[in-house]
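Working notes, beginning with the structure itself.
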Amino acid sequence: MAHLELNQQTIIECRRLAAQIVEKVKPTIDANTTVSIERAVLRLIGVEGAMMKAGQKHPAVNFIVDQLRADHVLAKGALHWFVNGMLQTESSPAGLARKVCGGELRLSALPASPAAEIRKLSHELARKAVEAIVLRREERNELCRKLKDPFDLTFQGKPLLYVIVATGNIFEDVIQARAAAEAGAEAIAVIRSTAQSLLDYVPEGATTEGFGGTYATQENFRIMRAALDEEGKKLGRYVRLTNYCSGLCMSEIAAMAGLERLDFLLNDAMYGILFRDINMKRTLIDQHFSRLIISRAGIVIHTGEDNYLTTADAIENGHQVLASQFINERFALEAHMKEEQMGLGHAAEMNPWHPDVLLLEIARAQMTRDIFPKSPIKFMPPTRHKVGDIFFSHLMDATFNLVGVLTNQGIQLLGMPTEAMHTPLLQDRWMSIKNANYIFGAARGLGKEITYKRDGVIASHGKKVLDDTLQLLRKIHTDGLFKAIEDKAFANVSRTLTGGKGLDGVIQKDKEYLNPFFELL
Amino acid sequence: MTKADYSHLVKKADLKKLKPYGDIMDDGVVQVSFTLPVPVSPEAREAAVQLAHKMGFDEAKVAAMEHAADGFSFFVIYGKLKHAIDFTKIKAVKIESEVMGREAIDNLIREELGRKVVVLGACTGYDAHTVGIDAIINMKGFAGDYGLERYEWLDARNLGAQILNEELLKKAVELKADALLVSKVVTQHDIHIKDMKDLIEKADKLGLRDKLILICGGPRVTHQLALECGFDAGFGVGTKPSAVASYLVQELVKRQNKKK
């Protein structure tokens, strides 16, 4: 396989800096919890469902956690109060949730059971929840063994074919997803409704209305999982399911995804801060707990560095992507994730008319591959320079596919000819899959046939990006991550420590804070 | 040696009866592709041909019929369009301003207005796609054309994504804005149109409509759509910052001169 000769000392130094950058924000992560983490805990032990409030479905977990917060007792952990309630009323999780939501009792007002009993039952419930997640993971492994598994973690063949569906209606999504799988898609992502990441609750039930996508709900997860399992059996290969674990409900989505056997989650340590203006503390605390769940669920994350290239120039900002990948990798390791679970993201977003642009794209893709040899790199398609000339867009996607297969990217999100026009039609997706199938088949051996010229354009660009990355990481290391983000270290976006959405959902943990998942995951 | 003139051997475009051009004038060649929710079959092919005839095609030829998925067939069809258009009668809605360079625009503001022009930009509603507004406002600009932030006589601010209409109008009052640039990318269920009309209604209620130049932009936005929604102008894909700046400054000058 062709490789770039990158300076290994520089790479080691980048990783060392990333580790220290993350180390410095760990005290903030460890000292606090969030409403989303507390709701995730309740979901994990089996609290489901919603109640009607002001004509809208209001999830039970939100009601319970909001009440505890209003009573100023959430710092001890929702589980502490909830399990005490279970002991006091001899209820199941679902039964107690009904009573609390029905207004029959208030958790903070109940008599206190002995602390040891609360701790014991909490541990038992958490252990069962972790077992349930592990069971789903084993189920995935079993299905992959029985059926053909196209996900190649040796990176010798071709990238995994990944497409999106986004009709807004989960039942229509199922039709589109099955059609895509039949045409050759190996992973399906259900795009979320625009701005779901800013909702501080997860909607309930099957949904048929969305904007630019379909709401992520546990029931929608189940519906799509069942459909893809059925389609996978028919096709004789496992079809992976993807959703979005970002925004204010990161932890909850991770819990639901673990329970419903999703395979991939878009999950980035800093995306919410930069692109959704979610508070820094909130995001970093949430991402850690979400990744603890993801790690145990055997889910592969996809990080969002592609976004840096759509908002800032793709040729000039390669180092921001790489610096962020190092930081994302470190945060993932802190949550016990394996490198095989890190689909570090980037994209082919350079100006197609720039001289030697193909060489520069190859340089970045190969460099990413070589720096993270065990990680299934997630390669995202051109979007920024697509304007509606579908024929040219299709050609750009062909070039993108060639770079992907040449450099052995792990997961290829296929571009669409109608990017910048509408969410993909069935025929758009079909065309894109045919494009990828052709090029992946035609060029899968190319990387084994070539070597890169030592001082050529490709090698030089790779070296430059890596060197620039080291400089950027040094600066972030000196300033600290919070200050660096304030000073636009990534994507030319500035965010402050106390700015953004969701800071009011961060709660400093009491010294008696109870959450056994931190030990068990 | 004089060049022989063969132009009489090639038919010229008949602007009274304008038709698509394939490789011979007035051949009317058109390509269309679509998917039918039925499996590939001779019946499906015939259905596609008949649909093409209903679209006004003569000699519809199925170039491709492919199995796109279980129960879906994909068609590429070529045909000769029967219809023609009288091009001499066409009236297009377009922005009438002259596109100027950055320095010329700065000079125009200095000389005619003598004060900085305040411009606010935002992706409104739930729209989180800032590529367009960033290209127009941010310093760097787009395709070698500097963004509005770079203009000496413009005070341009990019408020970013997911700005509610109320919030945008509040800022407009607070900062005494001359113009608002609204970027709309997400168009599912026509959400962009609803959001755009909502902004105009709210501006009306606050008595701001005539005090502001309201401009929108986005891949699916046209000048005509903008006018229909009550905006002053709309810019589509590929618009450079200087085109937007030219329009808004010329419009401001025009409005000022009217007042005089």
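Does segment B:34-45 contain at least one residue that is more than 24 Å from B:E59 (Cβ to Cβ) and within 30 Å of the chain's Cα centre (by Cα)?
no
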Open item on the list: Filter segment B:151-195 down to the residues that are touching a residue at least 60 places away in the same chain (Cβ under 8 Å) and either β-branched (V, I, T) or within 24 Å of B:R255 (Cα to Cα) (or both) and list them by number.
Closed with: B:Y151, B:L154, B:D178, B:A179, B:L180, B:L181, B:V182, B:S183, B:V185, B:V186, B:I191
Open item on the list: Anything in segment B:96-131 that is within 19 Å of the chain's Cα centre (by Cα), at pLDDT 85 or above and buried (at least 18 other Cβ atoms within 10 Å of the Cβ)? List them, or say none.
Closed with: B:G121, B:A122, B:C123, B:T124
Task: Conditions (1) in contact (Cβ under 8 Å) with a residue 60 or more places away in the chain; (2) loosely packed, with under 14 Cβ neighbours inside 10 Å: number failed by A:A116 - done: (1)
- [ ] May I ask you to say which residue of A:G500, A:G505 is of a type outside the set (S, T, N, Q), modelled with pLDDT under 95 and under 30 Å from A:F82 (Cβ atoms)?
- [x] A:G500
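To keep it simple, each residue is scored yes or no on (1) surrounded by fewer than 22 Cβ atoms within 10 Å (Cβ to Cβ); (2) of a type outside the set (F, W, Y).
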residue: B:Y151; (1), (2): no, no
residue: B:E166; (1), (2): yes, yes
residue: B:L180; (1), (2): no, yes
residue: B:M196; (1), (2): no, yes
residue: B:L212; (1), (2): yes, yes
residue: B:I215; (1), (2): no, yes
residue: B:R220; (1), (2): yes, yes
- [ ] Filter segment A:443-455 for residues that are in contact (Cβ under 8 Å) with a residue 24 or more places away in the chain and in a loop (DSSP other than H, G, I, E, B) and give the result.
- [x] A:R444, A:I450, A:T451, A:Y452, A:R454
Task: Matching residues in segment A:242-260 - criterion: being buried (at least 24 other Cβ atoms within 10 Å of the Cβ) and more than 22 Å from A:T283 (Cβ to Cβ) - done: none
Open item on the list: Looking only at segment B:239-260, filter to residues that are over 19 Å from the mean Cα position of the chain (by Cα) and of a type in the set (S, T, N, Q); which one of those is surrounded by the most Cβ atoms within 10 Å (Cβ to Cβ)?
Closed with: B:Q250
TODO: Please specify each residue of segment A:84-131 satisfying the condition of being among the hydrophobic types (A, V, I, L, M, F, W, C) and more than 15 Å from A:L68 (Cβ to Cβ).
DONE: A:L87, A:A94, A:A115, A:A116, A:L121, A:L125, A:A126, A:A129, A:V130
TODO: Could you tell me whether A:A2 is more than 30 Å from A:K483 (Cα to Cα), modelled with pLDDT of 95 or more and over 24 Å from the mean Cα position of the chain (by Cα)?
DONE: no
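If you go through segment A:180-191 one residue at a time, do you hit one that is among the small types (G, A, S), more than 14 Å from chain B (Cβ to nearest Cβ), surrounded by 22 or more Cβ atoms within 10 Å (Cβ to Cβ) and not in a strand (DSSP E or B)? Walk me through how you get there before you give the answer.
Just the residues of segment A:180-191 that are among the small types (G, A, S), to begin with: A:180-181, A:183-185, A:187, A:189.
Among the residues that remain, those that are also more than 14 Å from chain B (Cβ to nearest Cβ) are: A:187, A:189.
If we keep only those that are surrounded by 22 or more Cβ atoms within 10 Å (Cβ to Cβ) as well, we get A:187, A:189.
Right, trim to not in a strand (DSSP E or B) and you get none.
No; the residues of segment A:180-191 include none that is among the small types (G, A, S), more than 14 Å from chain B (Cβ to nearest Cβ), surrounded by 22 or more Cβ atoms within 10 Å (Cβ to Cβ) and not in a strand (DSSP E or B).
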- [ ] Quickly run through segment A:209-265 and pick out the residues that are within 14 Å of chain B (Cβ to nearest Cβ) and in contact with a Ser or Thr (Cβ under 9 Å, 6 or more places away or on another chain).
- [x] A:E209, A:G210, A:F211, A:G212, A:G213, A:T214, A:Y215, A:Y244, A:S246, A:G247, A:L248
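Is it fair to say A:K76 is in contact with a His (Cβ under 9 Å, 6 or more places away or on another chain), more than 18 Å from A:M250 (Cα to Cα) and in contact (Cβ under 8 Å) with a residue 40 or more places away in the chain?
Numbers: in contact with a His (Cβ under 9 Å, 6 or more places away or on another chain): no; more than 18 Å from A:M250 (Cα to Cα): yes; in contact (Cβ under 8 Å) with a residue 40 or more places away in the chain: yes.
No; evaluated as a whole, the condition is false for this residue.
From the list A:I377, A:I371, A:I390, pick out the single residue that is free of Cβ contacts under 8 Å to residues at least 60 places away in the same chain, assigned by TED's automatic domain parsing to the domain that holds A:A189 and in contact with a helix residue (DSSP H, G or I) (Cβ under 7 Å, 6 or more places away or on another chain). Please lay out each step first, then the result.
Details: A:I371 fails: free of Cβ contacts under 8 Å to residues at least 60 places away in the same chain; A:I390 fails: in contact with a helix residue (DSSP H, G or I) (Cβ under 7 Å, 6 or more places away or on another chain).
When all the criteria are applied, what remains is A:I377.
Residues are listed down the side, and each one gets a yes or a no for (1) touching a Phe, Trp or Tyr at 6+ places or on another chain (Cβ under 7 Å); (2) not assigned by TED's automatic domain parsing to the domain that holds B:I136:
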site: B:S73; (1), (2): no, yes
site: B:I90; (1), (2): no, yes
site: B:D106; (1), (2): yes, no
site: B:E111; (1), (2): no, no
site: B:G114; (1), (2): no, no
site: B:V118; (1), (2): no, no
site: B:A122; (1), (2): no, no
- [ ] Tell me which of these A:A18 doesn't satisfy, since it passes every other one: (1) surrounded by fewer than 16 Cβ atoms within 10 Å (Cβ to Cβ); (2) closer than 17 Å to A:I476 by Cα.
- [x] (1)
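Would you point out the residue of segment A:261-284, among those that are among the aromatic types (F, W, Y) and either surrounded by fewer than 24 Cβ atoms within 10 Å (Cβ to Cβ) or modelled with pLDDT under 95 (or both), that is nearest to the chain's Cα centre (by Cα)? It would help to see each step written out before you state the result.
First, the residues of segment A:261-284 that are among the aromatic types (F, W, Y): A:264, A:271, A:275.
Next, from what is left, pick out any that are either surrounded by fewer than 24 Cβ atoms within 10 Å (Cβ to Cβ) or modelled with pLDDT under 95 (or both): A:271, A:275.
Values: A:Y271: 10, A:F275: 14 Å.
Once the filter is applied, the top-ranked residue is A:Y271.
The values are calculated or read from the model by the stated rules, or taken from the named source; none is laboratory data. Note that the structure is a prediction, hence the values are computed from the model and not measured. Here Cβ is always computed from backbone atoms with ideal geometry, including for glycine, and neighbour counts include all displayed protein chains.
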